[in-house]
Amino acid sequence: TLDVDASSSVAEIAPTMYGIFFEDINFAADGGLYAELIKNRSFEFDSPLMGWEQPKSDRHSYNKNSGIAVPVKYSQQQTNHNFIRVKIKDASGYKLINKGFRGIGVHENENYRLSFLASNDAGGVTHVHFKLVDENGKVLGSSSVKVSKGDWKKYQTEFNSNATVEKASLEITFSGQGDIDLDMISMFPENTWKNRENGMRKDLVQLLADMDPGFLRFPGGCIVEGRTLAERYQWKKTVGPVADREILFNRWNTEFSHRSTPDYFQSFGIGFFEYFQLAEDIGATPLPILSCGIACQFNTGELVPMDQLDPYVQDALDLIEFANGSVDTPWGKVRADMGHPEPFNLKYIGVGNEQWGPDYIERYKVFNDAIKEQYPDIIIVSGSGPFPDGDYYEYGMEQLTKIGAEIIDEHYYKSPEWFRENADRYDSYDRNGPKIFAGEYAAQSVAIASPENENNWECALSEAAFMTGLERNADVVQLTSYAPLMAHTEAWQWTPDLIWFDNLSSYGTPNYYVQKVFATNRGSDLLKVSAKGEKLIGQNDLYASAVKEDSTSEVIVKVVNTASSSKSIKFNIKGVKTGKNAEQIVLASEDLKAMNSIENPKNIAPETTKVNVQKGVQLSPYSVNVFKLKIEK
Ligand code: AHR
């Protein structure tokens, strides 16, 4: 029997309790969420023609007799450094090909928008032709654009695809003869999330929205820090016109790479404005994380000297102005010019990711003082170092507590057993100390970030057991998120991941559904739940937490059964009267190795039934259960 005390609220559950953490790892942004289909559209990768092919006449050279594309640097220094000059000698023999990010995924009967910049000084080239072809060369859609003589101009066209193809290519051919300069060759589906031109993939945003996330942490992760300070994420370079956003090497480019991804760069087509907009779209509180002046300590750990920290701190202050400032402020105006005069209502800002030691504390204090002086209401999220058992964890916690830090971000990538055994992690946590953000966690079926890790049911079930502990301690734990969020099935660097996708489709893992059932049944108030007077933290392989949801007048009890046998339980609800009928949402599988996949996306997915709670209810072997009991007047 589970005793649930609904007579009083232990604590309010923070609306931010269950959120999401987005990082451009595993092609999550470029090649994933960002709906751009052309790789290296602006010829800015380290090797400017990476991603572009020209048919070769022999083993060594392009078909120079018909034409060649060569990268050229703009004469004036600008953020978009290169364009290409296509020299057409015999247009009938020349083409330029882009195969997208592991192929271009197109859907039958969908419209695609193409745009490019061209400068056609001599006017010898008269037309640019676009052809979308499948792997056998079959034409899926095409369009021709007449180019006028003259300086840089933007051209647009569109076409429809006559078939669904996962790995199409875009072929570009020309009419006429002579040189033509091209840049920003871009292709988007018309059907993006909210039909935005610089849009996001609809299926992926929908999966995020369905989780009803309380917050969106962005843009990382290690990419915030960079391998070196020069490669850190600088938000100011990610706002304003898309063509002017300076491309940056992605810190996940090849390292840790099980599959080689040397073609991984950040186009910043999704920049800070788009992150804030995404957060707003899906009803999540934005939580940006900024560099604290230390490059990734797993790499160089490069430090900005203390007397040169000001620009980093200024970036934080300016970001608050960008998000919240009136349109009359310089950064508020940038936001307004991008189409969002209303503030984004930023409440949280993170300083550093997984940084540790005295170097971090010294820098954190400067950020803390500056932000609090100008924006006392902004809540600062600080980091405790990489893992709760890392060398500097105790030191960081002690120092940050001393400074009066409000929220500390803890990360844990551990075994499934660790998650089951640590459901009581926060039971003994100092109630007067900083609040906790469990900012990155995921059970690792083999070892941390091992390429063999699986998003299997054992991992998801163990995370659910642990999450009852997060929820039972909702007075201390105020934000939580799984990591990493997304991965392309052919271009990932890290496993496990919450959502997987290819060029056409996507699916939520069992871990996704665990997150979803917790987040969509968050509750407004924490209740005490016990069995024989004790918290349920693994006795008889059972874990439990309980909440009340005021808006729907429900008592919601989450019970996780990690045993291989089914269990029968009863509820004893005190303080309110509940009806005999309840809803039971179940996630279960008797196969701990079971997973979801592109072919079988809902192998493990929640099922809802009506149950009579008076008679007692069944918990299937290895199951996550959410019981929703209506409170009667
Ligand atoms: O989620 C993957 C990485 O794990 C994040 O970038 C980093 O914060 C952590 O080490």
ask   = For the stretch 246-254, does any single residue satisfy the condition of being without any contact (Cβ under 8 Å) to a residue 40 or more places away in the chain and away from the ligand (no atom under 16 Å from the Cβ)?
value = no
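Say we look at the stretch 501-517 and pick out the residues that are outside any helix (DSSP H, G or I) and not hydroxyl-bearing (S, T, Y); which of these is farthest from E607 (Cα to Cα)? Explain how you work it out, then say what you get.
To start, the set of residues in the stretch 501-517 that are outside any helix (DSSP H, G or I) comprises 501-509.
Those still in the list that are not hydroxyl-bearing (S, T, Y) too: 501-504, 508.
On the way: F501: 23, D502: 26, N503: 28, L504: 26, G508: 15 Å.
Here the residue is N503.
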request  = Inspect all residues belonging to the stretch 464-480 and state whether any of them is within 16 Å of the ligand (Cβ to nearest atom) and not charged (D, E, K, R).
outcome  = yes
request  = Tell me, please, whether a residue that is surrounded by 21 or more Cβ atoms within 10 Å (Cβ to Cβ) and not in a strand (DSSP E or B) can be found in the stretch 524-543.
outcome  = yes
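Looking only at strands (runs of 3 or more DSSP E) that fall completely inside the stretch 93-208, which ones have 1 or more residues that are within 26 Å of I247 (Cα to Cα), in contact with a His (Cβ under 8 Å, 6 or more places away or on another chain) and modelled with pLDDT of 95 or more? Before the answer, list the steps.
Values: elements: 96-98, 104-106, 111-120, 125-133, 139-146, 150-160, 165-176, 178-189.
Hits in the stretch 93-208: 165-176, 178-189.
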inquiry  = I need the full set of residues from the stretch 408-435 which are more than 16 Å from the ligand (Cβ to nearest atom) and among the aliphatic types (A, V, I, L, M), in order please.
reply    = A423
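Okay, residues lined up against (1) within 33 Å of the chain's Cα centre (by Cα); (2) not small (G, A, S):
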residue	(1), (2)
P15	yes, yes
F21	yes, yes
A35	yes, no
D46	yes, yes
V72	no, yes
N82	yes, yes
A91	no, no
inquiry  = What pairs come out if I take residues in the stretch 581-599 that are in the same structural domain as N625 (by TED's automatic domain parsing) and touching a residue at least 24 places away in the same chain (Cβ under 8 Å) and pair them with residues that are among the acidic types (D, E) and crowded, with 16+ Cβ neighbours inside 10 Å whose C-beta lies under 8 Å away, six or more apart or interchain?
reply    = L592/E458; K593/E454; K593/E458; M595/E454; I598/D502
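So which residues in the stretch 460-486 are assigned to a loop (DSSP other than H, G, I, E, B) and under 22 Å from the mean Cα position of the chain (by Cα)? It would help to see each step written out before you state the result.
Initial filter on the stretch 460-486 (assigned to a loop (DSSP other than H, G, I, E, B)): 473-476, 483-485.
Passing the criteria: A483, P484, L485.
Here is a yes/no grid of residues against (1) more than 11 Å from L229 (Cβ to Cβ); (2) touching a residue at least 12 places away in the same chain (Cβ under 8 Å); (3) more than 16 Å from the ligand (Cβ to nearest atom); (4) surrounded by fewer than 19 Cβ atoms within 10 Å (Cβ to Cβ):
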position	(1), (2), (3), (4)
T285	yes, yes, yes, no
C292	no, yes, no, no
A295	no, yes, no, no
T300	no, yes, no, yes
P305	no, no, yes, yes
A316	yes, yes, yes, no
N324	yes, yes, yes, no
K333	yes, no, yes, yes
remark   = Given (1) surrounded by fewer than 17 Cβ atoms within 10 Å (Cβ to Cβ); (2) assigned to a loop (DSSP other than H, G, I, E, B); (3) away from the ligand (no atom under 16 Å from the Cβ), A447 misses just (3)
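The values are calculated or read from the model by the stated rules, or taken from the named source; none is laboratory data. Fair warning: this is a prediction, and the values are worked out from it, not measured in the lab. FYI the Cβ positions are ideal-geometry reconstructions off the backbone, even for glycines, and counts take in every protein chain you see.
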